[in-house]
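Here the structure comes first, spelled out in structure tokens, and everything after it is commentary.
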Amino acid sequence: MQPSFSDLAAEVLHRCDQIAAQSELPGTVCRTFCSHATAGAVRLVSQWMRGAGLFVGLDAACNLVGRSADDHRPWLLIGSHIDSVPNGGKYDGALGVVLAIATAEMFQARFEELPFTIHAIAFSEEEGVRFRSPYIGSRAMAGCFDLTLLDRCDEQGATCRQAMKAFGGDPDRILSAALPTERILAFIEPHIEQGPILESSGLAVGIVDGIVGQTRATARFVGRASHAGTTPMSMRQDAMAAAAQWILAVESFANATTGLVATVGNVQVIPNVPNVIAGEVAVRLDVRHSSDEVRRSVSQHLKAVGQQIADARGLKFHWEKCEQQDAVAMDKSLVTALEIACRDASQPIHHMLSGAGHDAVIMSQIAPTSMLFLRCKGGVSHHPDESVEVKDVEVALQVIYYFIQELAAKKKSFHPIHRATK
Ligand SMILES: [Zn+2]
């Protein structure tokens, strides 16, 4: 008998607890790439995948994949990442992995009837903690893994190559982890929202339309360090005051620009001493917007504002762009299928953007991709207080169930399956 949505939802949360207990630091959630804790989580996930009737394998990049069959049918990929940040929460990533397995369980008795096979994926690395580079697992699957990363060392001096080998991966054949894109029907990533919008709207789930683009840059104000007691106010070139003025300008500009979030979360001060006027301040800026055009023009504007502030104070100004990720739109037909699924599950249809990056960003390069967000308490994530309600997991399971029904119906109408009669 097929388990009920509510029984499955309770089991999903129970499994998240069990994954969380696999930790590098007991009492906290910490699973970095290829650690012993992650190996423990992968063992659990493997068991559950087998229990759901999936054939389980670890690929060269240490991604765990459970396949419902190995035949001519196209692949529906479902999953998220198994790693976590240090002192993280129980649900970021792990929830998407166990929801993928629960999905297989919902269809286990009907694997043969579906016009596609279900692949549950636990991406090996998304957070970028151990080797300071995110999306290691999905990049390998998407065929865009940067091979130079294999020789990068973690804080203990182990290379990424060594870490993968010790875990059971095959870094020398990492290109073999790339999926055959022509086989993939779609990828869907269920994930906690990591923000407060669903909760404040009273909604269990949301359909992600796109993932915002991001620019990271460093604004460097260079003045002159001098004595805090003997330098008159009129004769200072205070890099700290200039940086502070710019940070407030960033905030007010973001407040006045629809859809823009701009953050200064890191400041480096030289010499960083209470009785010395700061000679140099480097300010790290993070800018995100769903429109790449807006984001680029905002970056240019904030750079110009920094230059004006520096000029007015007689300082030098340097601007270094560090990282840039363009916005990613989710696949329209999958978004439509999710709308139908929400309607079938008697849920309001709510579209939203993701302000955070996800494996879906990378997978969208090789597959029609979509995401389903689940409400999390207070919007808190990357924190021990991450919390998800069992009722919301039940709703997510229903939506995914109807989503797959919808995909199956569509797929059948496109490619009718002819079965041999006995
Ligand atoms: Zn995540």
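The values are calculated or read from the model by the stated rules, or taken from the named source; none is laboratory data. Keep in mind the model is a prediction, meaning the values are calculated, not measured. Counting neighbours? That spans all protein chains shown, and the Cβs are built from the backbone with ideal geometry, glycine included. Only protein heavy atoms, including side chains, enter the accessible area calculation; ligands, DNA and RNA are left aside. Shrake-Rupley method; radii C 1.70, N 1.55, O 1.52, S 1.80 Å.
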Going through (1) in contact (Cβ under 8 Å) with a residue 60 or more places away in the chain; (2) of a type in the set (S, T, N, Q); (3) in a strand (DSSP E or B) one by one, residue 245 fails only at (3)
Selection within the range 333-371 - within 23 Å of residue 286 (Cα to Cα) and of a type outside the set (A, V, I, L, M, F, W, C): 354, 355, 357, 358, 359, 364
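Here's the yes/no breakdown for (1) over 24 Å from residue 184 (Cβ atoms); (2) within 13 Å of the ligand (Cβ to nearest atom); (3) touching a Pro at 6+ places or on another chain (Cβ under 7 Å):
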{"residue": "345", "(1), (2), (3)": "yes, no, no"}
{"residue": "361", "(1), (2), (3)": "no, yes, no"}
{"residue": "367", "(1), (2), (3)": "no, no, no"}
{"residue": "371", "(1), (2), (3)": "no, yes, no"}
{"residue": "377", "(1), (2), (3)": "yes, no, no"}
{"residue": "381", "(1), (2), (3)": "yes, yes, no"}
Restricting attention to the range 84-122, which residues are within 16 Å of the ligand (Cβ to nearest atom), farther than 16 Å from residue 15 by Cβ and open to solvent by less than 10 Å² (accessible area, probe 1.4 Å)? 88
Name the residues in the range 240-259 that are surrounded by fewer than 13 Cβ atoms within 10 Å (Cβ to Cβ) and over 20 Å from residue 212 (Cβ atoms), would you? 248, 252
Somewhere in the range 62-73, is a residue buried (at least 24 other Cβ atoms within 10 Å of the Cβ) and either among the small types (Gly, Ala, Ser) or within 18 Å of residue 401 (Cα to Cα) (or both)? yes
Considering only the range 28-52, state which residues are open to solvent by 20 Å² or more (accessible area, probe 1.4 Å) and either polar (S, T, N, Q) or modelled with pLDDT under 95 (or both). 28, 47
Being more than 17 Å from residue 213 (Cβ to Cβ) and surrounded by fewer than 19 Cβ atoms within 10 Å (Cβ to Cβ) is the filter here; which residues of the range 348-369 pass it? 348, 349, 350, 351, 368
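For the condition in contact (Cβ under 8 Å) with a residue 24 or more places away in the chain, farther than 14 Å from residue 16 by Cα, in contact with a His (Cβ under 7 Å, 6 or more places away or on another chain) and in the same structural domain as residue 40 (by TED's automatic domain parsing), what is the one hit in 114, 77?
Numbers: 114 fails: in contact with a His (Cβ under 7 Å, 6 or more places away or on another chain).
Residue meeting the stated conditions: 77.
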Within the range 260-339, which strands (runs of 3 or more DSSP E) (wholly inside it) include 3 or more residues that are surrounded by fewer than 16 Cβ atoms within 10 Å (Cβ to Cβ)? 261-270, 316-325
